[in-house]
1. Residue check, residue 323 against (1) under 27 Å from residue 76 (Cβ atoms); (2) more than 14 Å from the ligand (Cβ to nearest atom), all met but one. Which one?
2. Tell me the residue from 253, 231 that is farther than 30 Å from residue 66 by Cβ and surrounded by fewer than 21 Cβ atoms within 10 Å (Cβ to Cβ), please.
3. With the structure loaded, tell me whether residue 379 is surrounded by fewer than 18 Cβ atoms within 10 Å (Cβ to Cβ) and at pLDDT 95 or above or whether it fails that test.
4. Of all helices (runs of 4 or more DSSP H) completely enclosed by the stretch 382-460, which ones contain at least 2 residues that are modelled with pLDDT of 95 or more and more than 19 Å from residue 371 (Cα to Cα)?
5. Answer yes or no as to whether residue 302 is more than 15 Å from the ligand (Cβ to nearest atom), within 20 Å of residue 220 (Cα to Cα) and not in a helix (DSSP H, G or I).
6. Would you mind finding the one in 186, 191, 202, 198 that is without any contact (Cβ under 8 Å) to a residue 40 or more places away in the chain and in a strand (DSSP E or B)?
7. Would you confirm, using the coordinates I've provided, whether residue 213 is within 16 Å of the ligand (Cβ to nearest atom), buried (at least 22 other Cβ atoms within 10 Å of the Cβ), over 18 Å from residue 266 (Cβ atoms) and under 17 Å from the mean Cα position of the chain (by Cα)?
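The values are calculated or read from the model by the stated rules, or taken from the named source; none is laboratory data. Predicted model, so just to flag it, every value in this text is computed and none were measured. Every residue, glycine among them, receives a Cβ derived from its backbone with ideal geometry; neighbour counts consider all protein chains shown.
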Ligand SMILES: *Cc1c(COP(=O)(O)O)cnc(C)c1O
């Protein structure tokens, strides 16, 4: 295997195309391109033959790791297998080849799909209506915060400038609240790893716009006091935002709307059958209860008799959140997935996700330190803290050792409230054999940490790139080739 870049395969004069002989008089380029936009010298493009290009990219593809290549227990990210039939459906020309500027009567099918997907997601979450416009979970959070703002502007309650976020929250939560102009205040977790009701009470006031929560929280624990928390926030005049990125913990079991939440975002690219990674593609629909419907983004899709129409007549709307109607390919996959699974199937998926996580937790907790020893939901968090003290082996070393075993590492160093955190989410799509294999590998790594820590610190040794300098890679990444 070569580790060369395409630029380094360069061989002067080699090309991957063939044009017929020119049979008309040549014209100088300056006749077509004038003035300052013309290049001064030829672009330094790789000169390679077609076969070099094919081999180069095929080799790169074989080096990349995804769910289709192996187990990927990346906590919080829900990297699960996604049925290929949903890819097929999304590529139907009736969906893939239409244009967002076509007139409404020519895209009735797509409008119906948007309407019905919104309706299904509202049912799954216990909300009333929503928007499919946001392109990611964080974009959904931003939309939700804009809804908070618009609501308090309408009620005239403009001194509500604070948003509460628990210490265990996903990093995007405080970021979304902050970028929307709110001041973020942290609510502490208690010894159970759950939101401390006492801490919450101390923060509540007539300056609080609301709270952003996820349930189960990022420790994979169900917030048992959620009904009381919702009542406290509502009684203080605030709203509740639900981070529903990880809906596959509770689908068909409980609904955020019934817990008292006013707004939620979902990550269709986690729970609802779109493979993701490297930043996309995503979709972060936002669903709301009655109170917030008037503020939803436009255009909204409405049904009038047998016709679907785009409706922009919302005087209190926060406006558009995306150029058109959202990431349609992702939405089509989600709708196909929901229809294929049915309500029983979605419920079963959540049950399996929770069962798989608890099975792995039980197999590993006698060896690795379990941060909060409780029944978990779809994920759980181990800590390498004691291991680090005893053998000098950190969560990072464990993650690197997994790479040599052909397993994608779990999420490490998140959530922040657990030292040396290792957050594991097996998902519902893995078999008992795969879970057992992973557990065996984890136990083997622990044994090696004890017997031969130096060897672990050198991992990975079987990957194309060995241990990198994490700080340099984050602070001074070299992301492009520069010709000498
Ligand atoms: C993934 C995730 C997000 C952010 O979603 P993006 O699509 O990456 O913006 C937010 N909250 C939780 C709990 C998540 O797991």
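1. (1)
2. Matching residue, one of 253, 231: 231.
3. Judged against the criteria, residue 379 is not a match.
4. 395-404, 432-451, 453-457
5. No.
6. Every option except 186 fails the conditions.
7. no
Table: residues versus (1) touching a strand residue (DSSP E or B) at 6+ places or on another chain (Cβ under 8 Å); (2) without any contact (Cβ under 8 Å) to a residue 60 or more places away in the chain; (3) under 20 Å from residue 74 (Cβ atoms).
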{"residue": "417", "(1), (2), (3)": "yes, no, yes"}
{"residue": "424", "(1), (2), (3)": "yes, no, yes"}
{"residue": "429", "(1), (2), (3)": "no, no, yes"}
{"residue": "453", "(1), (2), (3)": "no, no, no"}
{"residue": "457", "(1), (2), (3)": "no, no, no"}
{"residue": "463", "(1), (2), (3)": "no, no, yes"}
{"residue": "471", "(1), (2), (3)": "no, yes, no"}
{"residue": "477", "(1), (2), (3)": "no, yes, no"}
